[in-house]
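Asker: Handing you a structure now.
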Amino acid sequence: MSGGKKIIICISGLAGSGKSTAARKIAKHYGLKFYSGGDALKAVALEMGYKVSERGWWETESGIQFVGERLRNLEIDRRVDEKMMEWAREGDVVLDSWTMPWLLKEGFKIWLDASEEVRAARIARRDGISFEEALRRMRERETKTKEIYQKLYGFKLGEDFEPFHVILDVNNLNEDEVFETLRLIIDKWLFRRS
């Protein structure tokens, strides 16, 4: 598929941007392995005794409490990021991650950009909560998460776009349109297909 070169695609974006959905679809389409930093962090939370649910857990009180614990113990994130780096070195992967675009020298890096309002509305629909509650939880989580990565690595999540090859505005795109747009970009830029 890639002429022997290992493929690494990093898809990033703030909560509610659709990064996990897009990353899974891209991985499936190209027959690549999929790894999620969020899933890896949830596995750590489970080991630490948190009751982790599948979707929307990060915006629950328990999820936000875990983010606070991560802020107090940066080693949690460092361990997860080291594992993500191992997976990246294996190659032929799609990484759903907030940190890998900055930590990896190699790879094709995509940022999905959506307004706070659009992201909160998506989270509210997904989790069956009010827009106001989704917005409050999202802001609280993002404030703490940004602080974690600023302390650990010195970058500003959602503000520093230097490592990205593509920034895609997804405000007016549904998940199928995001996938199709990314597929066209990846075909053209990464696989040199017309």
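The values are calculated or read from the model by the stated rules, or taken from the named source; none is laboratory data. Only a predicted model underlies this, so the values are computations on that prediction, with no experimental measurement involved. Positions of Cβ are generated from backbone atoms using ideal geometry, with glycine treated the same way; all protein chains shown enter the neighbour counts.
Asker: Taking Ile11, is it hydrophobic (A, V, I, L, M, F, W, C) and either at positive phi or part of a helix (DSSP H, G or I) (or both)?
Answerer: Against the criterion (hydrophobic (A, V, I, L, M, F, W, C) and either at positive phi or part of a helix (DSSP H, G or I) (or both)), Ile11 does not qualify.
Asker: Of all residues in segment 25-54, count the ones that are more than 14 Å from the chain's Cα centre (by Cα) and not in a helix (DSSP H, G or I).
Answerer: 10
Asker: Something else: Only residues in segment 48-71 that are farther than 15 Å from Ala15 by Cβ count as the first member; pair them with residues that are assigned to a loop (DSSP other than H, G, I, E, B) and of a type outside the set (A, V, I, L, M), Cβ under 6 angstrom, at least 6 apart or cross-chain, and list the lot.
Answerer: These pairs meet every condition: Ser62/Tyr50.
Asker: Do we have Tyr35 as under 21 Å from Ile148 (Cα atoms), surrounded by fewer than 20 Cβ atoms within 10 Å (Cβ to Cβ), in contact with a Phe, Trp or Tyr (Cβ under 7 Å, 6 or more places away or on another chain) and not charged (D, E, K, R) here?
Answerer: no
Asker: Can you tell me which of (1) free of Cβ contacts under 8 Å to residues at least 24 places away in the same chain; (2) farther than 20 Å from Arg137 by Cα; (3) in contact with a Gly (Cβ under 8 Å, 6 or more places away or on another chain); (4) not β-branched (Val, Ile, Thr) is the one Met85 doesn't meet?
Answerer: The one condition Met85 does not meet is (3).
Asker: Same structure again: With the structure loaded, tell me whether Ala22 is buried (at least 20 other Cβ atoms within 10 Å of the Cβ) and either farther than 23 Å from Val178 by Cα or over 13 Å from the mean Cα position of the chain (by Cα) (or both) or whether it fails that test.
Answerer: no
Asker: Hey, Gly16 hits all of (1) of a type outside the set (Val, Ile, Thr); (2) closer than 20 Å to Arg139 by Cα; (3) in a helix (DSSP H, G or I) but one; which does it fall short on?
Answerer: Tallying (1) of a type outside the set (Val, Ile, Thr); (2) closer than 20 Å to Arg139 by Cα; (3) in a helix (DSSP H, G or I), Gly16 fails exactly one: (3).
Asker: Then there's this: In segment 184-194, which residue that is surrounded by 15 or more Cβ atoms within 10 Å (Cβ to Cβ) and modelled with pLDDT of 95 or more is farthest from Gly107 (Cα to Cα)?
Answerer: Ile185
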